[in-house]
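J.: I'd like to ask some things about the structure below.
The values are calculated or read from the model by the stated rules, or taken from the named source; none is laboratory data. Owing to the predicted nature of the structure, the values given are computational and were not obtained by experimental measurement. Methodologically, a virtual Cβ is constructed for each residue, glycine included, from the backbone with ideal geometry; neighbour enumeration extends over all protein chains shown. With ligands, DNA and RNA removed, areas are computed over all heavy atoms of the protein, side chains included. Shrake-Rupley method; radii C 1.70, N 1.55, O 1.52, S 1.80 Å.
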Amino acid sequence: MKEDYKIERVKERINYIEDVLASVAAGDIDARINSEVEDDLSGIEAAIDLLIDDLTDELKQRKKMQKEVEEKLAKIQEQQKTIFQQQSDLLELSSPVSKVWDNVLILPVIGTLDSQRTQIMMENLLEKIVETGCTISILDITGVPTVDTQVANHLLKTVTAARLLGTECIISGISPAIAQTIVHLGIDLSSINTKATLQDAMIYAMKQNQLSENVKLHSLFADSDENEE
Amino acid sequence: MNIDLHEKRIPIIKIGNFLIVSIQVDMHDKLAIQLQSQILEEIEKTGAKGVLIDISVLEMVDSFIGRMLSGMATMASIMDASVVIVGMQPAVAITLVELGLEMPGVDTALNMEKGMEMLEKRLKDDDYKLY
Amino acid sequence: MLQLTTDSNWTELGKYIIKTEHDIVQVRQLIRVHAKEMNMGIIDQTRVTTAVSELLRNMYNYGGGGEVLVETGVVDDKNALIITCADEGSGIEDLDLAMSDGYTSGMGMGYGLPGAKRLVDRFEIKSEKNIGTTVRVMKWR
């Protein structure tokens, strides 16, 4: 009889241990057995409690580390975003398009041209052309040391696109090195109006301006002639 | 859903010696072809010497519409009328060049006013040649 | 329809059917909306819309219409707008020839496929005789 009772008690306690372990597994890390009696089983119970303590400590630490890593990652991503932003800002700043005369835009290019920068430059120039209504633009590449096939093609594309908008784009300041590269690469720039220096390009642009002014004046006089009759 | 093609006719306006066409809708291919013959018929009917085609609201010109426009210019010039494409958006110009459609031989102008000046100048030049 | 390899990480933005010329106009306008929603610049929007317009015309002229699937996802560490056009037409016999500049099989203008390829960042094509053609283009964002 007494034996049976003891076994019942032990079963109860083992069930309780199982319950605690189950709740720990489910995430309740504060659950403990906290046995009050002192006997053979209580040693095991205390050992399990200790084990749970160790486990939860480790778990907490890991969570903390994970949080730190995540925070750092977010910070890095934020920084990366800033870098990208600054990069694109820099690209835009490095190709200023300015109106220098009636009807004339100048885009001085300084430094090495890569495909991306040339692309942004082209977009800026074309947008500025439409915005200002200038029909002549000068792309001055005096400050460009070298070009490759891709960049030369982008320049060609810019001039063609400008023509499609109904304007003329002149390239000035082609250095001997660039002239050599362009011919060696087999790129045909013959359809493009090129000038030796920015000054030559400016003179050409002003002459073009005068020409169209003259035409306007001419048509004005022609109209008044008709009126007199 | 299916709109009658003729409902969407693009208006052609005649001012002086010139025709003015302003394309305000995203054209499908049939409408583009229809516009082409419509303009040519109008040139014949009115004896117009120039055509201004305003595409400033077009957000996209693909190879078909591009070909239609440059074909239009050639056809009109055989009929003794000059075509000027006016107001192309920068994005459209870049895309056309990248597509490989550089439209050589097609005259373009930044805006209506400049296009009109261009046509007037050409008409005057032709007059001088005669006398 | 011919399938191209896909990635389970891509999210579908829309699926459209091309049957009439009006569908072409409508779908290319929707493509621009998708591109805009992905914060593409005006020039990239125009590039992708124009490229798709070329593909849709091919699909309409040679494939008797078809299906357009618009997706977004990460490809090669880049955010991409992915557009897949599939038809059940007669297929392209010589892909290399169709992809060469200036080639046209009659109704086309010879700028369609190679032109579209130049306007996008990635271009895949699969075609089989009498089964159809599937073209996928991607534009990075």
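J.: What are the residues of region B:105-129 that lose 50 Å² or more of accessible area, with a 1.4 Å probe, going from their chain alone to all protein chains?
T.: B:108, B:110, B:124
J.: Summed for both chains, how many Å² of accessible area, to the nearest 100, are buried between C and B with a 1.4 Å probe?
T.: Counting both chains, the buried surface is close to 2400 Å².
J.: OK, next. In nm, what is the difference between 0.36 nm times the number of residues separating residue A:75 and residue A:57 and their Cα-Cα distance?
T.: Extra length available between residue A:75 and residue A:57 comes to 3.8 nm.
J.: If you don't mind, another one. Along its principal axes, what span do the Cα atoms of region A:2-90 show, with the longest given first and each in whole Å?
T.: 89, 17, 12
J.: Can I ask one more? Can you give the alpha-carbon Rg of chain A over 2.2 N^0.38 Å, where N counts its residues?
T.: Ratio of Rg to 2.2 N^0.38 Å for chain A: 2.31.
J.: Report, to the nearest 10°, how far helix A:149-164 tilts away from the longest principal axis of the Cα atoms in chain A, using its own Cα long axis and a range of 0 to 90°.
T.: The angle comes out near 60 degrees.
J.: Put simply, what bits of region B:45-60 lose 40 Å² or more of accessible area when the other protein chains are there, versus the chain on its own (1.4 Å probe)?
T.: Listed by number, the residues meeting the 40 Å² cut-off are B:59, B:60.
J.: Follow-up question, since we're still on this one. Starting from 0.36 nm per residue, how many nanometres of slack lie between residue A:64 and residue A:101 once their C-alpha separation is accounted for? Before the final figure, lay out each step's value.
T.: Details: separation 37, 0.36 × 37 = 13.32 nm, distance 6.38 nm.
That pair, residue A:64 and residue A:101, stretches by 6.9 nm at full extension.
J.: Here's a follow-up. So what's the back-of-envelope 222 nm ellipticity for the protein assembly as shown, counting only DSSP H runs of four-plus at -39500 (n - 2.57) apiece and dividing by all residues, rounded to 500?
T.: After summing the helix terms and dividing by residue count, I get -18000 deg cm²/dmol.
J.: Shifting gears a bit: Averaged over peptide C:49-62, how many Cβ atoms belonging to another chain are found within 10 Å of each residue's Cβ?
T.: That average works out to 3.
J.: Over the protein assembly as shown, with every protein chain in place, what whole percent of the accessible area is carbon and sulfur at 1.4 Å, could you tell me?
T.: Here it works out to 53 percent.
J.: Give the accessible surface of the protein assembly as shown per residue, rounded to a whole number of Å², with probe radius 1.4 Å and ligands, DNA and RNA excluded. Before the final figure, lay out each step's value.
T.: On the way: 27660 Å² over 501 residues.
Using a 1.4 Å probe on heavy atoms only, each residue of the protein assembly as shown averages 55 Å².
J.: Would you mind checking region A:124-148 for residues with the amide N under 20 Å from a putative spin-label position 7 Å along Cα→C-beta of residue A:208?
T.: Counting only backbone N, you get A:124-143.
J.: Could I ask something else about it? Taking only C-alpha pairs under 8 Å that are 6+ residues apart, what is the relative contact order of chain A in percent?
T.: 12 percent
J.: Under a Cβ-Cβ cut-off of 9 Å, what is the net charge of the residues other than residue B:60 that fall near it, where Lys and Arg count +1 and Asp and Glu count -1?
T.: -1
J.: With the contact rule set at Cα under 8 Å and sequence spacing of 6 or more, what percent relative contact order holds for chain C?
T.: Details: 282 pairs, mean separation 40.7, N = 141.
Over chain C, the number comes to 29 percent.
J.: Ballpark to the nearest 100 Å², how much total accessible area do A and B bury together, probe 1.4 Å?
T.: When A and B are taken together, about 1700 Å² of accessible area is lost.
J.: For region A:1-107, state which GluC sites (Glu not before Pro) are in a DSSP loop and have at most 10 other beta carbons lying within 10 Å of their beta carbon.
T.: A:36, A:38
J.: Take every Cα-Cα pair in region A:62-142 and report what % of them are more than 17 Å apart. If you can, show how the numbers build up before the last one.
T.: On the way: 1882 of 3240 pairs.
Summing the P(r) tail past 17 Å for region A:62-142 gives 58 percent.
J.: Specify the angular offset, from 0 to 90 degrees and rounded to the nearest 10, of the alpha carbon long axis of helix B:29-46 from the longest principal axis of the alpha carbons in chain B.
T.: 20 degrees
J.: Let me ask something additional. Find, to one decimal place in angstroms, the Kirkwood hydrodynamic radius of region C:11-140, where the mean of 1/r is taken over every pair of different Cα atoms and then inverted.
T.: So the Kirkwood estimate lands at 14.6 Å.
J.: So if I take the centroid of the Cα atoms in region A:189-211 and the same for region C:47-82, what is the distance between those two points in Å?
T.: Measuring centre to centre over Cα atoms gives 42 Å.
J.: Still on this structure, please answer the following. Report the Stokes-Einstein translational diffusion coefficient (µm² s⁻¹, integer) for the protein assembly as shown, Rh taken as the Kirkwood radius over Cα pairs, at 4 °C with viscosity 1.567 mPa s.
T.: For these conditions, the coefficient is 47 µm²/s.
J.: Kindly identify residues of region B:73-100 having a loss of at least 40 Å² in accessible area between the isolated chain and the assembly of all protein chains, probe radius 1.4 Å.
T.: Those are B:88, B:90, B:91, B:94, B:95, B:97, B:98, B:99, which lose 40 Å² or more relative to the chain on its own.
J.: Which Rg and Dmax, in Å, describe the Cα atoms of region B:1-86?
T.: Gyration radius and largest Cα-Cα distance of region B:1-86: 12.4, 40 Å.
J.: Right, something else. Normalising by the residue count of chain B, find the relative contact order in percent from Cα pairs under 8 Å and 6+ residues apart. Intermediate results must be reported in sequence, preceding the final value.
T.: Working: 171 pairs, mean separation 28.6, N = 131.
With pairs under 8 Å counted, the relative contact order is 22 percent.
J.: Roughly how far apart, in whole Å, are the Cα centres of region A:49-71 and region A:79-148?
T.: When both Cα centres are located, 54 Å separates them.
J.: Once whole DSSP H runs in chain C are found, which of them have Cα atoms spread over 27 Å or more along the helix axis and a mean Kyte-Doolittle score of at least -1.0? Write out the running numbers ahead of the final one.
T.: Working: long enough: C:42-62 (30 Å, -0.16).
Qualifying helices, which must be both long enough and hydrophobic enough, are C:42-62.
J.: Against the longest alpha carbon principal axis of chain A, how many degrees, from 0 to 90 and to the nearest 10, is the axis of helix A:2-25 turned?
T.: 10 degrees
J.: While we're on this one: Using alpha-carbon positions, what is the distance between the centroids of region C:1-38 and region B:80-131, in Å?
T.: 35 Å
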